[in-house]
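Input: a single structure, listed below in structure tokens.
The values are calculated or read from the model by the stated rules, or taken from the named source; none is laboratory data. Keep in mind that this is a model prediction, so the values were computed, not measured. Don't worry about glycine lacking a Cβ; one is built from the backbone with ideal geometry, like all the others, and counts go over all protein chains shown. For the accessible areas, the whole protein counts, side chains as well, though only heavy atoms, and no ligand, DNA or RNA atoms are used. Shrake-Rupley method; radii C 1.70, N 1.55, O 1.52, S 1.80 Å.
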Amino acid sequence: MNPNRVTPNKFRSLIKITSLGVATFSAVCLCRSNEKFYDRMFMPIVRLIPPETAHRIAVFSVKLGLIRPSYQDPGILRTKLLDMTLSNPVGIAAGFDKQGEAVCGLNRLGFGFVEVGSVTPKPQPGNPRPRVFRLNEDKAIVNRYGFNSDGHKVVYERLRKAREECGDEVVLGINLGKNKLSTDAIGDYVKGVKKFSCLADYLVINISSPNTPGLRSMQNKSTLHMLLSDVLKARSSLPETDRRPILVKLAPDLSDEDVQEVIAVVKDKECAVDGLIVSNTTIERPPSLKSINAGQLGGLSGVPLSQRSTQLVAKVYKWTDGKIPIIGVGGIFSGQDAFDKILAGASAVQLYTAFIYHGPPIAIRVKRELEQLLQDNGYESVQQAVGKGVDHFL
Ligand SMILES: Cc1cc2nc3c(=O)[nH]c(=O)nc-3n(C[C@H](O)[C@H](O)[C@H](O)COP(=O)(O)O)c2cc1C
């Protein structure tokens with residue numbers, strides 16, 4: 001008998017060994033957060049899965065904590081935001097971990113800070129599905145989740161456990177929303193401040209999601225004044241050790257007049273919040289959009305939002321004389337995008353849509369490129385660059 005002949009048994013063994021090899025290689029690439037593997041092999045497969053299912057799988061995978069990229073934040077990325085020290089200025093924006101399930105996993109992926117939520121006081125299901133849409137050709141997403149939330153009680157318990165698990169290692173933002181059918185919107189935010197202050201490093205008053213009827217009108221001068229003064233009073237009523245910085249998240253669709261009104265409110269002593277997050281998703285649809293899903297109702301995020309949000313960061317920085325810290329968010333896919341937001345006036349940045357398109361390696365890519373850009377432009381720290389290009393972006 002010819003010893004080189006491939007018998008059915010030998011053939012089966014060969015297939016098994018090859019499959020095992022491919023599976024091991026893929027697992028190593030996934031866990032080590034290999035950029036090329038994610039971009040060329042893994043993310044194209046993920047895009048075959050409906051977006052909300054893919055989102056749930058992503059949260060579950062991050063929660064398992066198996067993905068551990070090999071990148072140490074260099075000293076140049078270490079920075080200050082409010083009174084917090086961040087090992088790098090790139091955070092994960094609200095909306096990825098709405099229910100506070102994957103805080104420690106997100107921290108391990110290398111995000112400099114993690115914002116969970118939006119969380120509403122009572123649990124609520126959000127809008128009917130489908131409610132998330134990929135705009136692949138535009139590197140964008142339209143979502144109309146509508147604050148699907150497990151509610152304060154459940155999210156609080158999860159975050160308490162996360163604090164036990166990864167302690168003070170993680171810089172944790174908690175983004176607060178209101179229930180769709182609430183008759184006391186301001187009361188909902190006050191409840192959020194009282195409930196989560198002891199767990200959070202900062203809190204966000206989100207009045208800019210386009211998917212809860214009437215929410216964005218809370219950015220109007222008189223309502224905003226009542227809201228912020230009540231929220232700040234609630235904070236003052238807490239023990240001193242539990243008082244946390246409070247930020248307000250703004251919509252990119254505000255007119256210049258609206259933005260100036262918001263700034264006038266937050267400059268008032270009674271309403272002096274600690275920072276602004278610029279920006280949420282937009283209801284505008286730039287004519288350049290190519291994707292079939294561009295007409296879906298909801299908030300648009302990703303590349304088409306990038307310039308608009310950077311311009312708003314610059315306006316807010318200029319009109320507040322750089323005195324109110326800004327977190328810049330909207331369409332950050334690269335170190336250059338992050339650098340632009342910083343030059344426009346952001347002290348730190350966040351991303352979400354780029355994570356949907358590129359997976360976990362995006363955090364490292366943005367950080368590595370930002371590190372290079374800071375060095376190439378002669379900056380010794382992120383703080384040195386904040387607002388240095390503001391006029392260019394107006
Ligand atoms: C699917 C999805 C859900 C979101 N949910 C929230 C949310 O619950 N609360 C919030 O403040 N922002 C939410 N956002 C907005 C993001 O935090 C961010 O402001 C916006 O997407 C712009 O950043 P990006 O272009 O990097 O995604 C959501 C965004 C997306 C894409």
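Worth pointing out:
- Wholly enclosed helices (runs of 4 or more DSSP H) of segment 28-126 bearing at least 2 residues open to solvent by 40 Å² or more (accessible area, probe 1.4 Å): 43-46, 51-64
- Test result for ASP184, free of Cβ contacts under 8 Å to residues at least 24 places away in the same chain and either closer than 22 Å to ILE246 by Cα or aliphatic (A, V, I, L, M) (or both): yes
- The one condition in (1) modelled with pLDDT under 95; (2) within 11 Å of the ligand (Cβ to nearest atom) that ILE67 fails to fulfil: (2)
- Helices (runs of 4 or more DSSP H) lying entirely in segment 292-394 (those with 1 or more residues that are open to solvent by 10 Å² or more (accessible area, probe 1.4 Å) and within 16 Å of the ligand (Cβ to nearest atom)): 306-319, 335-344, 353-358, 361-376
- Residues of segment 230-271 satisfying the condition of being open to solvent by 40 Å² or more (accessible area, probe 1.4 Å), out of contact with any strand residue (DSSP E or B) (no Cβ under 6 Å at 6 or more places or on another chain) and part of a loop (DSSP other than H, G, I, E, B): SER237, PRO239, ARG243, SER255, ASP268
- Residues of segment 176-211 classified as away from the ligand (no atom under 16 Å from the Cβ), within 19 Å of TYR145 (Cα to Cα) and among the basic types (Lys, Arg), total: 0
- Residue pairs meeting the criteria (Cβ under 7 Å; at least 6 apart or on separate chains; first at positive phi and in contact (Cβ under 8 Å) with a residue 60 or more places away in the chain, in segment 77-95; second within 16 Å of the ligand (Cβ to nearest atom) and of a type in the set (Gly, Ala, Ser)): LEU82/GLY275
Conditions tested, residue by residue: (1) farther than 30 Å from ASN179 by Cβ; (2) among the β-branched types (Val, Ile, Thr).
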position: GLU52; (1), (2): no, no
position: THR79; (1), (2): yes, yes
position: ASP97; (1), (2): no, no
position: LEU106; (1), (2): no, no
position: PHE113; (1), (2): no, no
position: VAL116; (1), (2): no, yes
position: THR120; (1), (2): no, yes
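- Of all residues in segment 188-218, exactly one satisfies the criterion of being in contact with a strand residue (DSSP E or B) (Cβ under 7 Å, 6 or more places away or on another chain), outside any loop (DSSP other than H, G, I, E, B) and among the polar types (S, T, N, Q), namely ASN206.
- Scanning segment 255-283 for residues that are over 19 Å from LEU227 (Cα atoms), in contact with a helix residue (DSSP H, G or I) (Cβ under 6 Å, 6 or more places away or on another chain) and away from the ligand (no atom under 14 Å from the Cβ) gives no hits.
- Filtering segment 196-209 to residues that are touching a residue at least 60 places away in the same chain (Cβ under 8 Å) and open to solvent by 30 Å² or more (accessible area, probe 1.4 Å) leaves only ASP201.
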